[in-house]
Amino acid sequence: MTDKLTPLGDLKKMVRTVPDFPEDGIMFRDITTLIGHGEGFAATIGHLARLMGDDRPRYIAGMEARGFIFGAAVAAHLGIGFLPVRKPGKLPVETRGIDYALEYGTDRLEIAADAIEAGDSVIIIDDLIATGGTALATAQLLRDAGAVVDTALFVIDLPDLGGAEKLRGANVKVESLMEFEGE
């Protein structure tokens, strides 16, 4: 990859907006058009890596499923480890997990029980921050396992939904490459 990255404004244009999905009134921000564009995807990974500055954590953690795409790519770009944060029942080893509230019900996230050593620095990366529930649960799960989680990076922030502010309230620095107003 070259040092000259596609400008963020051009990357934002690569995100397709799908009205009324998954329900009426929702403007779904579809990143498949961004990741399907080779130069745009590579630039997105470069921009996320640059947001970290000189901070080089031991791991990048990404939540299933789209966090795997961006998190693993940034980890490979930087030559550091990637830690998948999985849905229940997906890991073939002993796990540690956290249950968290959704709008209607609960969900669970898990990591391998031996994935983290106390004091490991971890940065969370995901495609989008909306209400912040999954990102908050991920930060708490990693912290409960002994990790130091000070930063979360997102490709897209939906600031009207307040997730980034909730993470900041939990002492996690939040940065994103682009914002979209509304849901």
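The values are calculated or read from the model by the stated rules, or taken from the named source; none is laboratory data. This one's a predicted model, so the numbers in the text were calculated from it and none came from an experiment. Quick reminder, even Gly has a Cβ in these numbers, built from the backbone with ideal geometry, and neighbours come from all protein chains shown. Ligands, DNA and RNA are excluded from the accessible area calculation, which covers all protein heavy atoms including side chains. Shrake-Rupley method; radii C 1.70, N 1.55, O 1.52, S 1.80 Å.
Points to keep in mind about this one:
- At full extension, GLN140 and LEU102 could sit 12.1 nm farther apart than now, given 0.36 nm per residue minus the alpha carbon distance.
- Net dipole in debye of the chain [+1 Lys, Arg Cβ; -1 Asp, Glu Cβ; about Cα centre; nearest 20]: 460
- Applying 1/(1 + (r/R0)^6) with r as the Cβ-Cβ distance of ALA118 and ASN171 and R0 = 25 angstrom yields a FRET efficiency of 0.90.
- For trypsin sites (Lys or Arg not before Pro), the sites in segment 59-92 that DSSP calls loop and that have at most 11 other Cβ atoms within 10 Å are LYS90.
- Across the accessible surface of segment 1-151, with the other protein chains kept in place and a 1.4 Å probe, carbon and sulfur atoms take up 51 percent.
- Whole-percent P(r), segment 133-183, all Cα pairs, 10 Å bins from 0: 26, 54, 17, 2.
- Cross-link partners of LYS13 among lysines, defined as those whose alpha carbon lies under 24 angstrom from its own and excluding same-chain residues fewer than eight positions apart: LYS4.
- Solvent exposure of the chain amounts to 49 Å² per residue of accessible area, where only protein heavy atoms count and the probe is 1.4 Å.
- Calculated P(r) tail over 27 Å for the chain, as whole % of Cα pairs: 24
- Remark on segment 61-101: hydrodynamic radius 11.2 angstrom, per the Kirkwood mean of 1/r across alpha carbon pairs.
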